[in-house]
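To start, the structure itself, in structure tokens.
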Amino acid sequence: SLLKPENKTKLQAILTYHVVPGRVKAAQVVKLSGAKTAQGQRVSIAVSDAGVKVDNAKVLKTDIETANGVIHVIDSVILPSDKDIVDTAAGAGKFGTLIAAAKAAGLVDTLKSKGPLTVFAPTDAAFAKLPEGTVQTLLKPENKAKLQAILTYHVVSGRVYAEDVVKLSHAKTANGQSVDIKVSDKGVMVDGAKVVATDIDTSNGVIHVIDSVILPE
């Protein structure tokens, strides 16, 4: 069914997910933990005694030279994420407060838009760290503008993966203000929040999980 004309866009997304810009040979591949594809999303690369895996596909043959690049043969088709930021967060089961807040702020459509967007997503536990009653107050209709300001402060334009984040000292958010980014032996901090998981790919962006809610000035 993918070969039907009405599925052309989906087929293009799958095929370009198998393509990485540049002539990346096996010797370079094994040094990577992932690679950004022509589709936009990132494939994960894992090297072990059993061989090299790209997402869940095993690399069978490497370094087939061509006039305009190099081919590595894999044993299965790899698929990009087809769930957007909201659906991915909902499926994770630990972002219920964030999704409820996005609905109250009228931002669900934005987070489901084409993007791409990068979201520093506070978990339910992160929201629970706020003073008692804060979340309930923010969810009230009269506080919609304030809630929008807080949530958009967690969103950065573009698909910014961890390897890019660690090169930054700050990043401008959809709120208009910038978050500070600090990298140390203890990990990566965005303002006062610690990044606890990175590079969760979605169809319209990427999610990094943080352990606290960050607040604009």
Among the residues that make up the range 114-126, is at least one of them of a type in the set (Gly, Ala, Ser) and at pLDDT below 90? yes
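Determine if the range 126-147 includes at least one residue that is out of contact with any Pro (no Cβ under 7 Å at 6 or more places or on another chain), under 29 Å from residue 43 (Cβ atoms) and buried (at least 20 other Cβ atoms within 10 Å of the Cβ).
Our first condition is that a residue be out of contact with any Pro (no Cβ under 7 Å at 6 or more places or on another chain); within the range 126-147, this holds for 126-147.
Next, from what is left, pick out any that are under 29 Å from residue 43 (Cβ atoms): 126.
Okay, now just the ones that are also buried (at least 20 other Cβ atoms within 10 Å of the Cβ), so 126.
Yes, because at least one residue in the range 126-147 is out of contact with any Pro (no Cβ under 7 Å at 6 or more places or on another chain), under 29 Å from residue 43 (Cβ atoms) and buried (at least 20 other Cβ atoms within 10 Å of the Cβ).
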Checking residue 62 against (1) of a type in the set (S, T, N, Q); (2) outside any loop (DSSP other than H, G, I, E, B); (3) closer than 19 Å to residue 161 by Cβ; (4) touching a strand residue (DSSP E or B) at 6+ places or on another chain (Cβ under 9 Å), the condition it does not meet: (3)
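Select from the range 31-43 the residues that are surrounded by 13 or more Cβ atoms within 10 Å (Cβ to Cβ) and either assigned to a loop (DSSP other than H, G, I, E, B) or without any contact (Cβ under 8 Å) to a residue 12 or more places away in the chain (or both) and list them in ascending order.
32, 37, 38, 39, 40, 41
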Please work out which residue is farthest from residue 205 (Cα to Cα), limiting yourself to the range 24-65 and to residues that are of a type in the set (Lys, Arg) and out of contact with any Lys or Arg (no Cβ under 7 Å at 6 or more places or on another chain). 61
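Working carefully through the options 180, 185, 211, 164, find the one that is touching a strand residue (DSSP E or B) at 6+ places or on another chain (Cβ under 6 Å) and without any contact (Cβ under 8 Å) to a residue 40 or more places away in the chain. Break it down into steps so the answer makes sense when it comes.
Numbers: 185 fails: touching a strand residue (DSSP E or B) at 6+ places or on another chain (Cβ under 6 Å); 211 fails: without any contact (Cβ under 8 Å) to a residue 40 or more places away in the chain; 164 fails: touching a strand residue (DSSP E or B) at 6+ places or on another chain (Cβ under 6 Å).
None of the other options fit; the residue is 180.
Rundown of residues vs (1) touching a residue at least 12 places away in the same chain (Cβ under 8 Å); (2) surrounded by fewer than 13 Cβ atoms within 10 Å (Cβ to Cβ), yes/no style:
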| residue | (1), (2) |
| --- | --- |
| 6 | no, yes |
| 16 | yes, no |
| 48 | no, yes |
| 67 | no, yes |
| 90 | no, no |
| 102 | yes, no |
Across the range 197-208, the tally of residues that are over 20 Å from residue 150 (Cα atoms), in contact (Cβ under 8 Å) with a residue 40 or more places away in the chain and not hydroxyl-bearing (Ser, Thr, Tyr) stands at 4
Return yes when residue 55 is under 20 Å from the mean Cα position of the chain (by Cα) and surrounded by 14 or more Cβ atoms within 10 Å (Cβ to Cβ) and no when it is not. yes
Which of the strands (runs of 3 or more DSSP E) contained wholly in the range 113-217 include at least 2 residues that are touching an Asp or Glu at 6+ places or on another chain (Cβ under 6 Å)? 178-184, 193-202
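The values are calculated or read from the model by the stated rules, or taken from the named source; none is laboratory data. Computed from a predicted model, the values in this text were never measured in an experiment. Glycine gets a Cβ as well: all are built from the backbone with ideal geometry, and neighbour counts include every protein chain shown.
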